[in-house]
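First comes the structure, then the notes that go with it.
The values are calculated or read from the model by the stated rules, or taken from the named source; none is laboratory data. Model, not experiment: these values are computed from the prediction. Neighbour counts are summed over all protein chains in view; Cβ atoms, including those assigned to glycine, are modelled from backbone coordinates with ideal geometry. Ligands, DNA and RNA are excluded from the accessible area calculation, which covers all protein heavy atoms including side chains. Shrake-Rupley method; radii C 1.70, N 1.55, O 1.52, S 1.80 Å.
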Number of protein chains: 2
Amino acid sequence: MDGYAVRSTDTKGARPSSPVFLEDFLPIRTGMEVPEDYDAVVMLEDSRLREDALEITAEVHAYRNVSRIGEDIRQGDVVFRDGHALRPPDIALLSALGICSVQVYDRPKVAIIPTGSELVPIGGGPLKTGEAYEINGLMTELYVEKWGAFAKRSDIVPDDPEKIRDAVASNQDADMIIMIGGTSVGEKDFAPRVLNEMGELFVHGIRIQPGKPTAFAQVGSTLVVCLPGYPVAALADLYLYIRPALKKMAHQSDFLPKIRARLARKIPSRPGYLSVVRVALKDGTAEPIMISGASILSSVARADGYVIVPEELEGLEEGVNVEVNLFE
Amino acid sequence: MDGYAVRSTDTKGARPSSPVFLEDFLPIRTGMEVPEDYDAVVMLEDSRLREDALEITAEVHAYRNVSRIGEDIRQGDVVFRDGHALRPPDIALLSALGICSVQVYDRPKVAIIPTGSELVPIGGGPLKTGEAYEINGLMTELYVEKWGAFAKRSDIVPDDPEKIRDAVASNQDADMIIMIGGTSVGEKDFAPRVLNEMGELFVHGIRIQPGKPTAFAQVGSTLVVCLPGYPVAALADLYLYIRPALKKMAHQSDFLPKIRARLARKIPSRPGYLSVVRVALKDGTAEPIMISGASILSSVARADGYVIVPEELEGLEEGVNVEVNLFE
């Protein structure tokens, strides 16, 4: 604190109506060491430098405006425990302690493999009938990077078991492979079959809407998640499975901002299925965006977040209080 | 949808107990165009390909599992309005529309100028008495980048009006200059005086705790904010003033995650001052971290967020419901 170092006992009784005059004091600037003779600092606002003395209009107690050694952190104190995500002030604190380098967990490495013979790279010229731009890989890459992992997106892999096998084999250095498309029950949906041959297929098909064809597998030490090719279903999977998995792999806690809101309209849902319903927020109410068709990305553009309808319910009634998970 | 294109009228009455057999159908894969002769798609699960016919066990209505042109977005529709922050699915949607480039607002450019003759660069060897590592500049840089702006941190500027003037003058290309330190009422606190000479000093001193010496100025077209040199006060200013300003300059909405919690202990506060109180969250309660001294960064290391006590109150009572602004 900028001011004057004093002996606190000398300031007894000082107040604006009866100032105390001191001859023994030392001008102090923030951060300066206070010599042992003094034990407190009077603020500039409470003092006035006269010709031969310091006029003081406030009493100060011992150690007032003086930081003691070890007051912030004592030698041997634990400052951060394993698993703490370092925020800017935490990095500042470490720097203040002279700690310029700390050991941290690696970011997970994620390989993203879009599959589908009908796919065309973004910006790849006008589409022919039956073709679509490969947008899920980009969306997944943006989220994976946003969620703190390294993303490596490979070229589009056509519906060919050999090429899918090669793509998985050549990404075995990743902690996680996200394959997109090729995972429903169609005759060309090879991904789960290939994964079952290469490693272990744990799950193929989940009672979730949208997102039913999701699959989980492991090949070597690499986890493999197959996301549906429908963008809205892929998005639901990203939030429900990929995000928590990446946070766990990075030893980070997973805090997704949520707010509570009143449901503006009834949400019907299929019993036995966990439903992920996009909602728009307006004046504290959540308006469900009930456009059928998981390909309808425009519904996401209008959505602020999503509501989960548990599988044991047949929907949610208008007016109930719901928890909205916010898209970032 | 993978399945078979059919005429919906042909499927009337089909159910597992009374299947319908069709001779006129076409195998369809997701994304393929459905020829005009057909108006619906029967899912693979509800069909079985026999030698000379397709057995169907579910009735489908017109346009069932068929997307119509314009169903998602019609020509001429506005997809995103000015000011919408593009999230990963939004970028995917634009890509799906063949839009690979959009005009966006510039990120604000922020120059960060740490001042103080007592400061030593981080990692710059052991400190002598009265010296401190320059950690506020790093903390500010990390937040500015996190909040979506470009940060340019300059070297430490000593307490010298000419050098402070030079530093401000040479950063006139920035949208905002953040000066740290040199802004209280000490004799060497030159920043506000220099700014007053170079441009307009709007505010010097705010009834906020911590953060009283904050100053706001404008030099040319560049906004200048002076943050106090105490790290906890600088941190409060970053959240209260810098963050909303940067979001506004970037034309972004400012959503800081908040949660409600019960106050575990009384918070005393100085009436007439807005108080920013750090809290730790434990089992739904907010525990105030009432360590005095704005230099105590370790209190931030233990904090999950902060509570604002308005200036008209003398504190908050134990047990009241408070809104906690979460540190990211």
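Numerical summary
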{"item": "Total accessible area lost when A and B pair, probe 1.4 Å, Å² to nearest 100", "result": "4600 Å²"}
{"item": "For the stretch A:178-301, size of Cβ-based charge dipole, Lys and Arg +1, Asp and Glu -1, in debye", "result": "620 debye"}
{"item": "Local electrostatic count, residue A:273, Cβ distance below 10 Å [Lys/Arg +1, Asp/Glu -1]", "result": "+2"}
{"item": "Pairs beyond 23 Å (Cα-Cα), from B:212/B:282; A:247/B:109; A:109/A:212; A:109/B:282; A:282/B:248; A:258/B:212", "result": "B:212/B:282; A:247/B:109; A:109/A:212; A:109/B:282; A:258/B:212"}
{"item": "With all protein chains modelled, accessible area of residue A:17 [1.4 Å, Å²]", "result": "100 Å²"}
{"item": "Helix A:136-146 vs. chain A, principal-axis angle (Cα, 0 to 90°, nearest 10)", "result": "20 degrees"}
{"item": "Cα Rg, Dmax, the stretch A:248-328, angstrom units", "result": "13.2, 39"}
{"item": "Carbon plus sulfur fraction of accessible area for the protein assembly as shown, probe 1.4 Å, in percent", "result": "49 percent"}
{"item": "Top of A:73, A:267, A:208 by mean-square fluctuation, Gaussian network on chain A, Cα under 10 Å", "result": "A:73"}
{"item": "Segment residue A:172-residue A:82, extension gain: residue separation times 0.36 nm, minus the distance between their alpha carbons", "result": "29.6 nm"}
{"item": "Calculated FRET efficiency for the pair residue B:152/residue A:51, C-beta based, R₀ 51 Å, to 0.05", "result": "0.60"}
{"item": "Dipole magnitude of the protein assembly as shown about its Cα centre (Cβ charges: Lys, Arg +1; Asp, Glu -1), debye to nearest 20", "result": "840 debye"}
{"item": "Percent antiparallel among DSSP beta bridges (both partners in the protein assembly as shown, rounded to 5)", "result": "65 percent"}
{"item": "Dipole moment magnitude, nearest 20 debye, chain B about Cα centre, only Lys, Arg, Asp, Glu C-beta charged", "result": "1160 debye"}
{"item": "Heavy-atom accessible area order for A:78, B:309, largest first, 1.4 Å probe", "result": "A:78, B:309"}
{"item": "Anchor residue A:12: aspartates and glutamates whose Cα lies under 15 Å away (excluding residues fewer than 8 positions away in-chain)", "result": "A:23, A:24, A:39, A:46, A:55, A:59"}
{"item": "Per residue, in Å², the accessible surface of chain A once ligands and nucleic acids are set aside, probe 1.4 Å", "result": "51 Å²"}
{"item": "Local electrostatic count, residue B:87, Cβ distance below 11 Å [Lys/Arg +1, Asp/Glu -1]", "result": "-2"}
{"item": "Shielded residues, the stretch B:71-115 - accessible-area loss of 50 Å² or more between chain alone and all protein chains, probe 1.4 Å", "result": "B:72, B:87, B:88, B:89, B:92, B:95"}
{"item": "Considering only the stretch B:193-289, percent of DSSP beta bridges that pair antiparallel, nearest 5", "result": "75 percent"}
{"item": "Surrounding net charge for residue B:22, when Lys and Arg each add one and Asp and Glu each subtract one, Cβ distance under 9 Å", "result": "-3"}
{"item": "Shielding of A:231-244 by partner chains, average beta-carbon count, 10 Å", "result": "1"}
